[in-house]
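Enquirer: Take this structure first; my questions come after.
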Amino acid sequence: MFKKTFKTIRPFLIGILTITVIVQGIVIYQEKNENQKLQEAFFKSFYYELNNTISDIENVSTDDEGTELTYKLNRIDKSLTRTALVMESGHLFLNRGINRSSLEGFFYHQPIMEFAKDGSLSENEKSKLNNIKKALEKVKEDSKEQGQINKKMSIEKFNEIIKENQTLYFK
C-alpha cells in the first residue's frame, strides 16, 4: 500500500523539489547580481569623490592667500569628508568588511583648515597637502586594472589598497 502511494506521489515530489531548487538558484543569482551592482556603484561614488579631492588639492596654488586660500582649503576639507562619508555608507549599507579604521587620519581629521590660519601656506603645509595628494593618487592608481578603475575588485583588496597607502604617506 505504502509503495503504491509513494510511486504515485514520487513524480509530484520530484517536480516540487526541482521547482524549489530552480527558484532558489534564481533568487541566489539575482541577489549576487544585485550585490555586485551595489558594489560597483560604491566604487564609482568613491572614486568620483577621490578624483574631486585630488582636483581640489591641485587647484591650490602657491600664490593663494587670505580668503581665496581659505576657500580652497575648505573645499579640500569637505572633499575629504565626502570621500570618508562614501566609505562610511559603504560600510553601513553594502559590506561591513569595508574598513572604517582607515577613515581616521586619512580622510577625517586632516588639519587642512589649520593651514589657512596665517593666510598663506608654509613649506610644511605644502608638503602635507602634496603627501595627501600623492596618497590619494596612489589609491587611485593601485585600484586600476588595464588602465581603468576595477569596479569588481574585492572589498579585501580595496581595504588593502587604502591601508597600504595610508601607512605609506601618513606615518
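Enquirer: Whether any residue in segment 23-36 is surrounded by 18 or more Cβ atoms within 10 Å (Cβ to Cβ), out of contact with any His (no Cβ under 7 Å at 6 or more places or on another chain) and touching a residue at least 24 places away in the same chain (Cβ under 8 Å) is what I want to check.
Expert: Taking every residue of segment 23-36 in turn, none turns out to be surrounded by 18 or more Cβ atoms within 10 Å (Cβ to Cβ), out of contact with any His (no Cβ under 7 Å at 6 or more places or on another chain) and touching a residue at least 24 places away in the same chain (Cβ under 8 Å).
Enquirer: Take the residues of segment 4-63 that are among the small types (G, A, S) and part of a helix (DSSP H, G or I): which is nearest to A84 (Cα to Cα)?
Expert: Ranking the qualifying residues of segment 4-63, first place goes to S45.
Enquirer: Then there's this: Against the conditions (1) within 23 Å of K140 (Cβ to Cβ); (2) among the aliphatic types (A, V, I, L, M); (3) modelled with pLDDT of 95 or more, where does V27 fall short? Just the number, please.
Expert: Going through the list (1) within 23 Å of K140 (Cβ to Cβ); (2) among the aliphatic types (A, V, I, L, M); (3) modelled with pLDDT of 95 or more, V27 breaks only (1).
Enquirer: Would you tally the residues in segment 94-131 being buried (at least 19 other Cβ atoms within 10 Å of the Cβ), touching a residue at least 40 places away in the same chain (Cβ under 8 Å) and either under 13 Å from the mean Cα position of the chain (by Cα) or within 24 Å of S154 (Cα to Cα) (or both)?
Expert: The number of residues fulfilling the criteria is 3.
The values are calculated or read from the model by the stated rules, or taken from the named source; none is laboratory data. As the structure is a prediction and not an experimental result, all values here were calculated from the model. A quick note on method: Cβ atoms are made from the backbone with ideal geometry, for glycine too, and the neighbour counts reach across all protein chains shown.
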